[in-house]
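As structure tokens, the structure follows; a few thoughts come after it.
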Amino acid sequence: MSSFPLLTFLIFIPWMGVLMLASMPHAHPKIVRGLALLYSLSTLALGLLAWGNFDSAAPGYQFVEQHRWISLGVLNVSYHLGLDGMSLLLVLLTGLVAPACLLASWKIERDPRLFCMLFLFLQGAALGVFLALDFFPWFVFWELSLVPAFFLIKLWGGPGASRAAYQFVVYTIGGSAFMLLAFAAIFAAAGTFDFVELAALAHNGGLAAKFSGPVLTAIFLGVLLGLAVKVPLFPFHTWLPSAYAEAPTGASMFLTGIMSKMGVYGFLRILWPLFPAQLHAAAPGLIWLALGGVVLGAFAAMKQTDLKRMVAYSSVNHLSYCLLALFAVAGTGRLHVEASTAALSGTLLQVFNHGLSASALFFCVGLLEARAHGKRGLSDFGGVRTAAPVFAGLCGIAMFSSLGLPGLNGFVGEFLVFRGVFGLAPWAAAIGCLGLFATAYFLLTFWQRVFHGPQGPGVAAFPDLNGLELVTLLPAIGLMFVLGVWPQLLVSVFNPLVTTWVGSLP
Amino acid sequence: MSYSYLILARAILPEMALVAGALLVLGYDLVFGRTRTIKERLSASLWIGSFALLAAIVDSVAVGALGSVYGNSLVLDKLAVASRTGVLVLGLLTLGAAAGARIPRHPAEYVAIILFATTGFILMAAAQQLLVAFVALELASLSLYVLAGFAKDRRESAEAALKYFLFGGMASAFLLFGFSLIYGLTGELDLNRIAFVLAYRGITPLLAMALVMVMIAFGFKAAAAPFHLWAPDAYEGAPTPSAALIASASKFAGFTLFYRLLWPGLAAVAGDVSKPGNSGGWLPVVALLAGASLLLGNLAALAQTNIRRLLAYSAIAHAGVMLLGVIAGEFAGPGPLFYYVSTYGVATAGAFGVIAVLECNGGCQKITDLAGLSRRSPLLAGCLAVFILSLAGIPPLAGFFGKFAVFAAALKLNGLGGPAGWLTVLAILLSAVALYYYLLVLKQALVAAPAENSAPVRVPAATAVTLLAAAGLIVVLGVFPSLLLPLF
Amino acid sequence: MSLLPYTIYLSFAGALLSLAAGTRSATAARGVALVTAAGCWGLTLFAASGFVPSSGMQTLVNVPWIPQLGINYHLAADGISLTLVVLTGLAATAGVLFSWNIADRTGEFFAFYLALIGGVYGVFLSADVFAFFVFYEIAIVPKYFLIAKWGSTNREYGAMKLALYSFAGSALVLAGILWAFAATGGHSFGVTDLARAATGLTHGEQVGMFALVFLGFGVLAGMFPFHTWAPTGHVAAPTGASMLLAGVVMKLGAYGCLRVAMGIFPEGLGFWQPYIAWLAIAGIIYAGLVALVQDDFKFVIGYSSVSHMGFVLLGLAAANPQAVAGAVLQMFSHGVIAGLLFAVVGRMVYERTHTRQLDDLRKLPLHRLLPFAAVVFVLAGLASMGMPGFSGFPAELTILIGAWQTSKIWALAAAIGVLIAAAFTLRVIQVSFFGRTDGAATATDHHPLPPITGPEKAGAFLLLAATLLIGLKPDLLLNWIVPSLQSPLMQSVWHGGVP
């Protein structure tokens, strides 16, 4: 396996799909969609292949590919890919979510070829982010992912899409610009962009020795800003609700399922190993921000009347759990190994689970919207359960997964997060619970107002799920059950990694 | 000191050729003129005149640098030879322009007077004695007054001649007064001996007065501000070939004369402009004239709508740079200055040549009369572009290197450490201003659409060849300045 | 390598030939122009293929020109010149393709065009300040005519403004180099000779000379606040000319700043460095903000050029090998990208819709009417905002790294500039091509626009390929550039005048 560039194929097969679709301008939409789905599924297939060959006992990178790219003093860049447990987790998640997004967009009539091309491009870029181990290629993928996302929102989105897309990209690039500057500064001192080398430097104190304290803090803040906007961390989240709400269903699913994870991934891959001391110092403040996301996200979701915006805010809330755990560990983790392990495992699980449940929820809202001819207000529906019982059931499962019902996957992740945070910062866990309750409240409101009660106008004519929609939704629902009862399936993948992380806490 | 007539005869072979040519022109016209059309008379005169000029050029080159001639009344040094040849070439260009210009009423007289004027110029170029210089200058000036007023039927021409004459006469009077003072102070007419005598005496009030007199005359001849007032009217009113001659050959000869007068002759009382502070002497005066000319010429040119007045003010501005070249001559020698003067002469004579042709084809007074020239006559437009761009100092044309060399020489005096350096910077900055009005001309010629009723321009073959030769000269001398530079 | 000077001669010869061919037929003139431009480009590529990077200038020609003033016709090239020469060839070829539709006095158009190119080649290859200046001015004059004659909106004003700014700049340069020549004893105009002799100048002299020369060249490089010629000039210019203007002519200024001002007066650089950097930053940010609110499509691109040239100047001002390598890379990158943007705006859109007002374009579903143009513009826009994968990214990154090494606050300000660039580029992409994306607005509602022609496509592909190639493999150019920065001449730049 060592000579086979598996990771390169993972990234570039979707992009080859883009080229292929680009070369067939007159293909029938059906062929286009079919091909796109096939290319999209390649990720799942290769991801599973990688999993099969993955040595889950080893904490380091596997399937490493490293080639000189730009080999001069002024820019010293290598094409460096590698896969560890966290990457594998996210690759698998992408493999699951991406085809579902394409299926969810099956009905798009306007220029399906362009849609599929942009989507495959986005998928490849996201995979690149999860696999690249050198800042340069990593940033290439990171930024390039914005382009298709921009156009997917802009061209296929709702009435406010232009503004939303613009806001989304400008905010994100705004963050990225500072991250770029930060890495320029790091390179200026360290002469390398390689995450592995930089992490080693940071570990042995070499990085800190090259900068004066405040400068290193400034660099840390730059990177933090870039990542915080992407996740998003409160208060950098303001672009999110409108972008998610205006995007077409398939894109919303991918945005929340995969792209928001790019930020969390960045925290763990970059900020964590490169700036342990700074993160440790900043953690008390950052915990408050994460709590802000948890609580305010949930309360904001409560106030929404637009279902899509509600789910969008719930994403802010859920992603903030991940960050909460992360910051809690960074703050006081060294003292409580067990709690830290739980918190970090919870974070990674939450990343995966949120990807599944949030994209499933967006899909469900999309279905409602399609059936109601564009309406998606909280009060536009009612009694959908009687008209479409299967749909109601599956949607309900996704919701309960999202609010963390025991037995479903969401519970495991959130439980571990709270277990860990409670051990590290009990007060934060207490405040965070407010978010839990609010989440439960608004999701149940959603459930009640839409699926129960008197039937809204036109709801009686809602068809139940058709085959295509079932195929889209069922794998995710199935996994929610599987992971709910057997989280070990995933935990085993990243357990050694988490142990290493906890072991290297400052 | 020798007074050999033989050598003198050899030395003034070009002058003799010119005078003979002029007489031949007159005689031929007297004998055959009655039976010919005026056009034929002109072309015959021009042919004879051209041959005379060519013969003079050949003579001038063949005679070479003889050194002092006839007891130092004339000097045939490198500068004199190059300057004579240059003036003659400019005379030839003027004749070429005359071939395409409006036909004067008495063509033979016109050509003959041009030849006489040229005779005056080449004598000026070689004069080394105050009296010879003055006589040569008067010969040239009187001829030019006539040439300026030659179009007797036009009021403007008469006005031009009158103004030119009044100013010129006054300047001659000042010059004569100045010369007599110098003679009275030194007892010498020979420039070298004057220099020798002055080297032992400082500036006396009388000498200062003489210097002022000489400077006024010089300012007039060079059309330097504030003695420039005749120039715009003369350029505007005089028949075009006359204007070309006044602007080019006359200036060339005048600068040669005064350069010789100032540097070897009055060098001892030059003063110093490389450092701040008043040093006395004539250099500060020249510097003042140069600064005034640069400013006035360039700024006034911005406001002109008449192409000839524009060229007149540009001539004033160029005079400023030339005066800077005179200042720089202290160390750099005459090379940069005369490279500048000669290439300026070619460009400006060429520009007047183009105007002359256009005058015969619907008039050319306003800049807008040039509109659409590139459609009406690509040849004229192309040549005009070369001349104007050279005047503007755009490489690789000769005008650029002229400026470059003069500025470099002026800065070598003492960098930016004194008036000479400041003047140079002023000149450099104003050359960017100058580009504006030159581009206005070219905009009409190359960019603007032709007027409704404009017809294609017919260019006589002789003029076409002349203009092409002038343009070619500008380009070749611009690309290879070292062809010309060492000659002075 | 020894063939490189022929790019100059060929271009001038092509200019004359095109003038002659134009009197017969427009097609012949186009053919001559294309063959000349592509031929010169081929020469540069051929020369590049045999280029062995070295630390010094590799002399191509060196013969006495005007021995009286110590002027030699000295042409030489190092990696920096080679980069820019290749860019010139590329931009010129693409520019001809985008000027294919010039029907009015085609021969004259291409004559001016090729004369301009010849001058540009000359500047990039000159190792003698006099030759440098001569070619520099030769390149300026044709610009005036190209704009005044074949331009659009307000063309005579734009052309005159551009010409006057350029000449005012070159007057300053002239004053500076003559002063330096005189002050060093007036022996030689060779760049290396002058640089060596300039070590003997006083600090004040170096400071003054540097100011004159850098400011003079900076005007043409679009240095704030002397940049105002650029947007008006670009807007007024015909497409091919604005491509050259933004693509290579602004580079002349930057190259002059680097080669002449910095190379000869390193001490002066040491003094002026912070001022230049702040002017560059002001340019980056101010022009970016102005671009954000423009109503005219082409003005946006015009100001974006100023903003991007700000990065070049910042890289130069940072004065370390890192930043200067980035600046040179950015020169190449901006040359390609600006060319592409102007091609789309000027040729593909304006000449079809006859409007450049964003408010008018907003009402058209332009991405459906001109899908090819939309794709090209989006790619060019991404490249322009420094999206990774395109040439702008490695360039800006390198500049940021270098700027950080000199001053952290400069780098921070430049990063804000990156953000603004992204904002205005996105805005203009959004408004111009994707103003109407609602499903109802289909191509059939509007009169179809003439399709994109073959030469346009060819030109667009050339430029796109270049920006992608350099974006993905910047060391193709860096391999040439970086060794050149180790030359003795440059060493004194890095050490602030201490040789």
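Calculate the radius of gyration of the Cα atoms of the stretch A:136-284 to one decimal place, then report Dmax, the largest Cα-Cα distance, as a whole number, both in Å.
Computed over the Cα atoms of the stretch A:136-284, radius of gyration and Dmax are 16.4, 53 Å.
Considering every residue in A:70-81, what mean count of other chain Cβ atoms within 10 Å of its Cβ is obtained? Show your work: numbers first, answer last.
Working: counts 9, 3, 9, 6, 19, 13, 0, 4, 0, 0, 0, 0.
Mean partner-chain Cβ count within 10 Å for A:70-81: 5.
What number comes out for the charge environment of B:Ile355, summing +1 per Lys or Arg and -1 per Asp or Glu over other residues with Cβ under 10 Å away? Numbers along the way, then the final one.
Numbers: positive: B:Arg308; negative: B:Glu359, B:Asp369.
So the environment of B:Ile355 carries a net charge of -1.
With viscosity set to 1.002 mPa s at 20 °C, what whole-number translational diffusion coefficient in µm²/s follows for chain B from Stokes-Einstein and a Kirkwood radius over Cα pairs?
On the way: Rh = 22.2 Å.
The estimated diffusion coefficient comes to 96 µm²/s.
Order these peptides, B:384-393, B:430-439, by their mean beta-carbon neighbour count within 10 angstrom, highest first.
Details: B:384-393: 27.1, B:430-439: 22.7.
Peptide ranking by packing, descending: B:384-393, B:430-439.
Report the Cα centroid-to-centroid distance between the stretch B:172-186 and the stretch A:427-506 in angstrom, as an integer.
Centre-to-centre distance over Cα atoms comes out at 112 Å.
Relative contact order of chain A, please, whole-number percent, based on alpha carbon pairs below 8 angstrom and at least 6 residues apart. Kindly include the intermediate steps, with their values, before the conclusion.
Numbers: 888 pairs, mean separation 79.1, N = 506.
That works out to 16 percent.
For B:Arg193, A:Arg33, what ranking results if the residue with the fewest other Cβ atoms within 10 Å of its Cβ goes first?
Details: B:Arg193 15, A:Arg33 21.
Placing the least packed residue first, the sequence is B:Arg193, A:Arg33.
Largest first and in whole Å, give the semi-axes of the stretch C:112-271's equivalent ellipsoid, each being the square root of 5 times a Cα gyration tensor eigenvalue. Don't skip to the answer; put the middle values down first.
Details: eigenvalues 178, 46, 24 Å².
Gyration-tensor ellipsoid for the stretch C:112-271: 30, 15, 11 Å.
As an exercise, take the mean of 1/r over every pair of distinct alpha carbons in chain A, invert it, and state the Kirkwood radius in angstroms. Could you put the intermediate results ahead of the total?
Details: mean 1/r = 0.0442 Å⁻¹.
Computed over Cα pairs of chain A, the Kirkwood hydrodynamic radius comes out at 22.6 Å.
Please give the peptides A:129-140, B:235-246 ranked by average Cβ packing (other Cβ atoms within 10 Å per residue), highest first, as a rough proxy for protection.
Values: A:129-140: 25.1, B:235-246: 28.7.
Answer by packing, highest mean first, reads B:235-246, A:129-140.
Return P(r) of chain C (all Cα-Cα pairs; 10 Å bins starting at 0; whole %; ordered from short to long distances).
4, 22, 33, 26, 11, 3, 1, 0
For a protection proxy built on the mean count of beta-carbon atoms within 10 angstrom, sort A:187-193, C:289-295, B:287-293, B:405-411 highest first, please. Don't jump to the answer; show the numbers that get you there.
Values: A:187-193: 20.3, C:289-295: 17.1, B:287-293: 23.6, B:405-411: 27.7.
Going by the mean number of other Cβ atoms within 10 Å, highest first, we get B:405-411, B:287-293, A:187-193, C:289-295.
Within straight cross-link reach of A:Lys210, meaning Cα distance under 30 Å, which lysines are found once same-chain residues fewer than 8 apart are removed?
Qualifying lysines at Cα under 30 Å: A:Lys230, C:Lys408, C:Lys473.
Students often forget the sequence filter, so: which lysines lie under 28 Å Cα-Cα from B:Lys163 once same-chain residues fewer than 8 apart are removed?
Within reach: B:Lys152, B:Lys221, B:Lys251, B:Lys366.
Under a straight-distance cross-link criterion of Cα-Cα below 17 Å, which aspartates and glutamates are reachable from C:Lys251, leaving out those fewer than 8 residues away in the same chain?
Of all the aspartates and glutamates, those that pass the test against C:Lys251 - Cα under 17 Å, at least 8 places apart if same chain - are C:Asp78, C:Glu137, C:Glu396.
Once the convex hull of the C-alpha atoms of the protein assembly as shown is built, how many Å³ does it hold per residue, rounded to a whole number?
In the protein assembly as shown, the Cα hull volume divided by residue count equals 172 Å³.
Residues in the stretch C:208-233, backbone N under 12 Å from the label point at C:Asn154 (7 Å along the Cα-to-beta-carbon vector): list them, ranges by number please.
Zone members listed by number: C:228-233.
Kindly identify the stretch A:354-506 as rounded, prolate or oblate by the Cα gyration tensor criterion: order the square roots of the eigenvalues as a ≥ b ≥ c, call it rounded if a/c is under 1.5, otherwise compare a/b with b/c, prolate if a/b is larger, else oblate.
Because a/c hits 1.5 or more and a/b exceeds b/c, the stretch A:354-506 counts as prolate.
Is there a simple number for the mean count of other chain Cβ atoms within 10 Å of the Cβ of residues in C:415-422, and what is it? Don't skip to the end; give the middle numbers.
Numbers: counts 11, 4, 1, 7, 9, 3, 2, 9.
Partner-chain Cβ atoms within 10 Å, mean over residues of C:415-422: 6.
Under 5 Å between amide H atoms, partner at least 5 residues away or on a different chain: which partners does B:Leu76 have, H built in plane at 1.01 Å?
B:Leu66, B:Gly67, B:Ser68, B:Val69
Amide H neighbours of C:Trp65 under 5 Å, at least 5 residues apart or on other chains, H built in the peptide plane: list them.
Answer set, sorted by chain and number: C:Ile71, C:Asn72, C:Tyr73.
If I measure Cβ to Cβ between cysteines in the protein assembly as shown, which ones have no partner under 4.7 Å?
A:Cys101, A:Cys116, A:Cys322, A:Cys433, B:Cys360, B:Cys364, B:Cys383, C:Cys40, C:Cys257 - these cysteines have no disulfide-compatible partner (Cβ-Cβ under 4.7 Å) in the protein assembly as shown.
How much of the calculated P(r) for the stretch B:358-488 lies past 27 Å, in percent of all Cα pairs? Could you put the intermediate results ahead of the total?
On the way: 2731 of 8515 pairs.
Across the stretch B:358-488, Cα pairs with separations above 27 Å total 32 percent.
Output needed for the stretch C:211-369: three equivalent-ellipsoid semi-axes, defined as square roots of 5 times the C-alpha gyration tensor eigenvalues, in descending order, whole Å. Show your work: numbers first, answer last.
Values: eigenvalues 198, 39, 30 Å².
Largest first, the stretch C:211-369 gives 31, 14, 12 Å.
How well do other chains shield peptide B:394-400, expressed as the mean number of their Cβ atoms within 10 Å of each residue Cβ? Walk me through the numbers on the way to the answer.
Working: counts 7, 12, 7, 3, 0, 0, 5.
What the average comes to for B:394-400 is 5.
Throughout, read-outs are computed from the coordinates displayed, never taken from laboratory work. Quick caveat: nothing in here was measured; it's all calculated off a predicted structure. With ideal geometry, Cβ positions are generated from the backbone for all residues, glycine too; neighbour counts draw on all protein chains shown.
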